[in-house]
Amino acid sequence: MLNKSMDSKKAMKQKEYAKAFAIFVGVVMILSAFAGFVLRSGDPGQGSAESSIDRMNLADFQVTSRLVDQNFDSLSDALYLCPENTTLVYWIDLGASQNLTDAARTVLGSMYPPAAALRFGDSLYPGSQTKLLRCAAAFFNNTWAEFHMVKPFQIGYQGFVIPYNGYDIIPSSSANSIVVGKPIIFGAEPAIKQVLDVLGGGLYTDQLTYPLDEGSGDLQVAGLGSGSAANAAPLGGSYQEFYLGITAVDGGFDLKAMFLAPAGETEDRINDLSQRYGWQLDRQGEESSLRGRITPNQLSSALSDILAP
């Protein structure tokens with residue numbers, strides 16, 4: 001009976017990996033069309049993209065429609081782009097640490113597909129100076145959208161656009177589109193429209209509170225427990241809310257993780273992580289927190305362990 005149960009679990013995992021791989025292959029095909037059909041490189045201008053992120057001139061996109069113009073400095077900023085039924089969000093400063101970006105590409109890219117920005121990086125957008133600076137992804141209502149911060153460059157697009165709330169939704173393929181601005185919104189048309197509804201005054205998510213109260217870090221992840229999350233919630237999902245922040249500091253990384261009302265399997269796994277990595281575990285009322293240090297050699301495994309379903 002035990003072997004049969006283990007074989008069943010293994011088969012389920014193989015199916016999940018196969019599904020994730022199929023999604024990934026589809027995204028590769030989509031993004032190939034995206035680069036060739038939608039965007040033609042213009043002169044991205046002079047100077048460092050990183051140093052000019054706070055003084056971007058959105059007119060450099062050279063589009064006539066309304067442009068997205070939102071702060072995008074942290075996960076808390078990204079939440080104001082997310083519909084109210086958002087169940088999981090991640091945000092990363094891609095210029096903070098190459099080690100952190102590489103670990104996020106490996107771990108988040110496999111756990112939360114399609115992760116187009118993490119997987120394809122600067123190659124998503126044309127121009128030798130057009131760097132992908134920050135990115136986020138949100139999962140809501142059985143779909144997803146990504147947000148990409150780049151230094152503005154001249155957009156050239158052919159074919160029709162879809163006007164919506166004053167913005168132009170620019171189809172990139174039969175599946176995905178973009179809306180230009182700070183940040184660029186990337187995803188399927190129905191998902192993009194839900195984000196634009198939020199920008200137009202609709203309700204944004206108010207269930208993810210930790211990024212607003214505790215949020216800091218070069219990589220941040222926030223989600224709801226398995227009772228409401230469409231994605232596989234980290235550490236079994238036996239909690240109301242989860243938050244992870246990782247910051248590059250002095251050649252290593254500081255970690256902070258928060259759990260609201262953890263129970264059962266999740267509590268056991270929190271204890272295990274504390275002992276395995278030497279992280280400090282604190283409990284106050286309904287909240288549990290982990291804080292500690294991660295070496296570069298530990299980064300990928302620690303990130304994988306704390307986000308594992």
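For this structure, a couple of remarks:
- Only listed residue being on the phi < 0 side of the Ramachandran plot, in a strand (DSSP E or B) and either in contact (Cβ under 8 Å) with a residue 24 or more places away in the chain or not acidic (D, E) (or both), chosen from D206, D168: D168
- Qualifying residue in the range 135-142 (condition: more than 30 Å from A263 (Cβ to Cβ) and at pLDDT 85 or above): yes
- The set of residues from the range 267-279 being under 21 Å from S238 (Cβ atoms) and either among the hydrophobic types (A, V, I, L, M, F, W, C) or loosely packed, with under 15 Cβ neighbours inside 10 Å (or both) comprises D268, I270, N271, D272, L273, Q275, R276, W279.
- Residues (out of contact with any strand residue (DSSP E or B) (no Cβ under 6 Å at 6 or more places or on another chain), part of a loop (DSSP other than H, G, I, E, B) and touching a residue at least 12 places away in the same chain (Cβ under 8 Å)) located in the range 153-165: F153, Q154, I155, G156, Q158, G159, N165
- Selection status of Q220, over 19 Å from D282 (Cα atoms), among the polar types (S, T, N, Q) and either under 15 Å from the mean Cα position of the chain (by Cα) or not in a loop (DSSP other than H, G, I, E, B) (or both): yes
- Some residue of the range 72-83 being part of a loop (DSSP other than H, G, I, E, B), closer than 21 Å to N142 by Cβ and modelled with pLDDT of 95 or more: yes
- Options V150, V195, V180; residue that is surrounded by 22 or more Cβ atoms within 10 Å (Cβ to Cβ), in contact (Cβ under 8 Å) with a residue 60 or more places away in the chain, within 20 Å of the chain's Cα centre (by Cα) and closer than 20 Å to A222 by Cα: V195
- The listed residues are P190, P163, and the only one of them that is surrounded by fewer than 18 Cβ atoms within 10 Å (Cβ to Cβ), within 30 Å of D122 (Cα to Cα) and more than 20 Å from the chain's Cα centre (by Cα) turns out to be P163.
- When Y243 is tested against the conditions (1) more than 30 Å from D168 (Cα to Cα); (2) surrounded by fewer than 23 Cβ atoms within 10 Å (Cβ to Cβ), the lone failure is (2).
The values are calculated or read from the model by the stated rules, or taken from the named source; none is laboratory data. Please read all numbers here as calculations on a predicted model, not as lab measurements. Neighbour counts are summed over all protein chains in view; Cβ atoms, including those assigned to glycine, are modelled from backbone coordinates with ideal geometry.
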